[in-house]
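Written out below as structure tokens is the structure these notes cover.
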Amino acid sequence: MIRVVVAAHGNLASSLVKSTAMILGSNPDVVAIDFDPEGDVHALYRSVQDATKDAAGVIFLVDLLGGSPYNAAVRWCSRHLDSDVVTGVNLPMVIDVSTLAQQETHVPRAVSAAKAAGVSSVASWRTGPASRHHTVTDDR
């Protein structure tokens with residue numbers, strides 16, 4: 001099993017993990033780290049250390065390349081071989097990786113799944129293939 005750590009600015013990480021739990025159910029190996037606007041990077045790194053304690057393999061899903069959550073994750077990964085960081089986190093990515101991580105122990109396969117889910121979930125209703133298959137309905 002792989003630990004999934006979602007780390008992002010503001011409360012994005014917690015929101016993505018909560019939304020994933022709404023869809024899949026709760027999973028203790030999917031963890032959120034929110035980087036508060038007034039937070040400091042040392043506390044952020046301590047949160048990364050706490051979130052990864054006793055984990056065999058870890059995949060970090062972060063919001064921005066080069067941001068503080070990314071830098072903290074890369075710092076941790078540089079000391080732990082069975083780990084990686086994927087940027088551009090979105091809900092489909094968290095859902096797919098959370099599902100895969102329950103059965104998978106190979107971090108590179110989880111990274112490939114994260115990247116594929118992140119890209120394939122971006123579409124335009126007007127110009128993408130989704131426009132031919134989905135109609136708008138009133139949910140009221």
Q. Is there a residue in the range 33-40 that is in contact with a helix residue (DSSP H, G or I) (Cβ under 9 Å, 6 or more places away or on another chain), within 23 Å of residue 102 (Cβ to Cβ) and surrounded by 21 or more Cβ atoms within 10 Å (Cβ to Cβ)?
A. yes
The one condition residue 65 fails out of (1) over 15 Å from the mean Cα position of the chain (by Cα); (2) in a loop (DSSP other than H, G, I, E, B); (3) on the phi < 0 side of the Ramachandran plot is (1)
Of the listed residues (3, 46), the one being of a type in the set (D, E, K, R), free of Cβ contacts under 8 Å to residues at least 60 places away in the same chain and within 26 Å of residue 82 (Cβ to Cβ) is 46
Among (1) aliphatic (A, V, I, L, M); (2) surrounded by 19 or more Cβ atoms within 10 Å (Cβ to Cβ); (3) part of a helix (DSSP H, G or I); (4) at pLDDT 95 or above, residue 74 falls short only on (2)
Residue pairs within 9 Å by beta carbon, gap of at least six or interchain, first lying in the range 98-126 and closer than 10 Å to residue 86 by Cβ, second part of a loop (DSSP other than H, G, I, E, B) and of a type in the set (A, V, I, L, M, F, W, C), listed first then second, are 114/89; 118/89
Only unsatisfied item for residue 33, checking (1) β-branched (Val, Ile, Thr); (2) over 22 Å from residue 116 (Cβ atoms); (3) assigned to a helix (DSSP H, G or I), is (3)
Matching residues in the range 49-75 (over 23 Å from residue 117 (Cα atoms), touching a strand residue (DSSP E or B) at 6+ places or on another chain (Cβ under 8 Å) and free of Cβ contacts under 8 Å to residues at least 12 places away in the same chain) number 0
Flagged in the range 79-94 as assigned to a helix (DSSP H, G or I), surrounded by fewer than 19 Cβ atoms within 10 Å (Cβ to Cβ) and without any contact (Cβ under 8 Å) to a residue 60 or more places away in the chain, in numbering order, are 92
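The values are calculated or read from the model by the stated rules, or taken from the named source; none is laboratory data. What you are looking at is a predicted structure, and each value in this text was computed from that prediction instead of being measured. Positions of Cβ are generated from backbone atoms using ideal geometry, with glycine treated the same way; all protein chains shown enter the neighbour counts.
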